[in-house]
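The values are calculated or read from the model by the stated rules, or taken from the named source; none is laboratory data. Computed from a prediction, not measured in an experiment: that's the story for all the values here. Note: ideal-geometry Cβ built from the backbone for every residue, glycine included; neighbour counts use all protein chains shown.
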Amino acid sequence: MRLFDTYSKSLVELDPNQAVRMYVCGPTVYARAHVGNARPFVFGMWLRSWLRTQGWDATLVHNITDVNDKIYDAAPGGSAELAEQATAWYVEDTRDLGLGMPDVMPRVTDVIPQIVAFIGSLVEAGHAYPVNGDVYFRVASFPEYGRLSGNRPDQMEDLEPNPLKEDPRDFALWKANKPGEDTAWDSPWGRGRPGWHIECSAMAEECFGPAFEIHGGGLDLVFPHHENELAQSRALGHPFARIWAHNGMLRFTGEKMSKSVGNIATLRETIDEWGRETLLVFFLTGHWRKPIDFSNETMAQAAAQAESFRNVFRGASEADGDWEAFAAALDDDFNTPEALALMHGWRDHELLRRALGVFGLESLAERAEAPAEVVALAEQRVAARVARDFEVADRLRGEIEAAGWEMRDATGGYTLVPKR
RNA sequence: GGCGCCUUGGCCGAGUGGUUAGGCAGCGGCCUGCAAAGCCGUUUACAGCGGUUCGAAUCCGCUAGGCGCCUCCA
């Protein structure tokens with residue numbers, strides 16, 4: 001199994017003798033998550049699922065950022081309540097994806113002591129310095145800074161100078177409490193709260209220790225977020241993540257949805273409108289590292305693909321399918337478009353169900369039971385057809401369709417399928 | 001301005017030097033009382049220009065277009 005690693009810009013093989021522990025950056029909870037937020041979640045859950053299928057000992061940690069400027073801005077005076085509410089939304093919406101949940105979902109507010117201790121170590125080692133109740137990371141003390149994102153320190157000059165910082169590139173580890181910020185904790189540097197980046201170093205190491213296999217998250221987090229995490233941990237000599245896996249962005253095209261960029265499709269709305277299966281198939285159609293366009297057209301195509309899988313299970317199973325090829329596609333940088341293409345050729349129910357199961361789509365194998373009244377209409381129609389009374393037969397099919405079902409005639413019987 | 005990514009047939013999307021990927025949609029056919037599903041067939045694509053090579057969608061260069069990040073966006 002190999003994955004593309006942002007740090008080395010190359011495919012890196014997972015160590016087969018080691019447990020795979022992965023940390024995927026989760027959302028800042030200040031509003032209902034949008035579809036794009038689901039991508040790293042889905043990627044993490046699928047990867048864990050596939051690794052386990054392949055016999056690995058895989059663990060996924062997915063954090064919740066519940067202290068942040070955005071939360072303060074969104075709910076002046078009530079940030080803790082909003083964070084609580086939005087966390088519940090996120091858990092609910094991602095759970096409805098039907099992929100199970102990460103092994104651990106730590107929150108920033110649960111690890112404040114660890115964060116304070118982490119910052120203390122950095123200050124002690126000379127990699128950070130306190131100023132007026134803030135604490136900043138001393139970028140100059142970490143020569144490797146910029147390596148992950150490819151940004152060269154000398155090219156990041158035109159930052160607005162901050163009189164408190166030694167160097168404009170330095171970033172906050174701890175921020176002194178300010179008016180309007182209604183949550184704060186005590187620390188050796190005064191009351192305040194953690195900066196954005198330190199939390200992930202603290203949470204990842206709290207869960208996994210100083211070294212783990214994979215760190216994931218959106219491509220937009222490479223800089224500054226992950227660059228800073230890496231600097232904080234490696235400055236202390238911790239290996240931190242071995243592989244950095246960044247998923248591509250979800251783009252909104254086609255429709256005029258992007259009027260105000262914040263107000264687009266939420267995960268909740270998308271699941272309600274298209275169903276979880278269609279959304280998952282949609283994610284399957286694009287490679288995890290590439291951008292993917294979310295539109296009515298691409299979603300409709302995903303829905304059609306989901307339906308074609310359901311049809312396979314409505315027919316007879318035939319022994320075919322090449323699991324090895326499927327596995328090879330996923331083992332090679334988790335190439336789901338390729339795996340998906342392979343699955344489309346399969347008629348083997350058992351094999352297909354197993355493959356779909358990797359992605360939480362085994363439900364596509366389930367046949368829906370038509371309600372008794374629809375079955376009654378179908379039986380009447382069978383009788384009408386036997387009597388060759390096609391006018392009645394056609395009328396009955398219309399009634400069956402009106403009830404939301406489609407009747408497919410077959411030699412010696414029929415199949416009732418939910419109308420799509 | 002800096003760093004990086006992308007550009008494949010109507011749409012989505014594999015493919016990393018030489019055997020028509022696949023899906024969706026369309027069209028034609030088989031099947032069907034009519035349908036649906038399924039099966040068969042289907043005008044053979046690789047942004048443009050130039051280079052390397054016996055041979056390039058695949059390697060190199062340039063051009064055009066699109067995108068992400070550049071201190072708190074997954």
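The table that follows gives values for the structure above.
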| quantity | calculated |
| --- | --- |
| Whichever residue in region A:352-375 is among the charged types (D, E, K, R) and assigned to a helix (DSSP H, G or I) and, among such residues, is surrounded by the fewest Cβ atoms within 10 Å (Cβ to Cβ) | A:373 |
| Hey, residue A:28 surrounded by 20 or more Cβ atoms within 10 Å (Cβ to Cβ) and within 8 Å of RNA strand B (Cβ to nearest atom) or not | yes |
| Residue within region A:334-351 that is at pLDDT below 90 and surrounded by 18 or more Cβ atoms within 10 Å (Cβ to Cβ) present | no |
| Considering residues of region A:3-25 that are free of Cβ contacts under 8 Å to residues at least 12 places away in the same chain and small (Gly, Ala, Ser) only, the residue surrounded by the fewest Cβ atoms within 10 Å (Cβ to Cβ) | A:10 |
| Exclusive hit being more than 9 Å from RNA strand B (Cβ to nearest atom) and within 21 Å of residue A:346 (Cα to Cα), set A:321, A:315 | A:321 |
| Unmet requirement for residue A:382, which otherwise passes all of (1) within 35 Å of the chain's Cα centre (by Cα); (2) without any contact (Cβ under 8 Å) to a residue 40 or more places away in the chain; (3) part of a helix (DSSP H, G or I) | (1) |
| When residues of region A:197-251 are limited to those that are aromatic (Phe, Trp, Tyr) and in a strand (DSSP E or B), the one nearest to RNA strand B (Cβ to nearest atom) | A:244 |
| Selection within region A:376-407 - closer than 21 Å to residue A:315 by Cβ and either exposed (fewer than 12 other Cβ atoms within 10 Å of the Cβ) or among the β-branched types (Val, Ile, Thr) (or both) | A:382, A:400 |
| Failed item in (1) surrounded by fewer than 21 Cβ atoms within 10 Å (Cβ to Cβ); (2) near RNA strand B (Cβ under 8 Å from one of its atoms), with residue A:54 passing the rest | (2) |
| Candidate set: region A:114-142, residues that are aromatic (Phe, Trp, Tyr) and more than 14 Å from residue A:230 (Cα to Cα); chosen: the one farthest from the chain's Cα centre (by Cα) | A:129 |
| Neighbours by Cβ (under 9 Å, 6+ apart or cross-chain): first from region A:322-350, farther than 18 Å from residue A:307 by Cα; second within 10 Å of RNA strand B (Cβ to nearest atom) and basic (Lys, Arg) | A:333/A:289; A:334/A:289 |
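Residues are listed down the side, and each one gets a yes or a no for (1) over 18 Å from residue A:225 (Cβ atoms); (2) at pLDDT below 95; (3) part of a helix (DSSP H, G or I):
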{"residue": "A:11", "(1), (2), (3)": "yes, yes, no"}
{"residue": "A:15", "(1), (2), (3)": "yes, yes, no"}
{"residue": "A:26", "(1), (2), (3)": "no, yes, no"}
{"residue": "A:37", "(1), (2), (3)": "no, yes, yes"}
{"residue": "A:45", "(1), (2), (3)": "yes, no, yes"}
{"residue": "A:59", "(1), (2), (3)": "yes, no, no"}
{"residue": "A:76", "(1), (2), (3)": "yes, yes, no"}
{"residue": "A:87", "(1), (2), (3)": "yes, no, yes"}
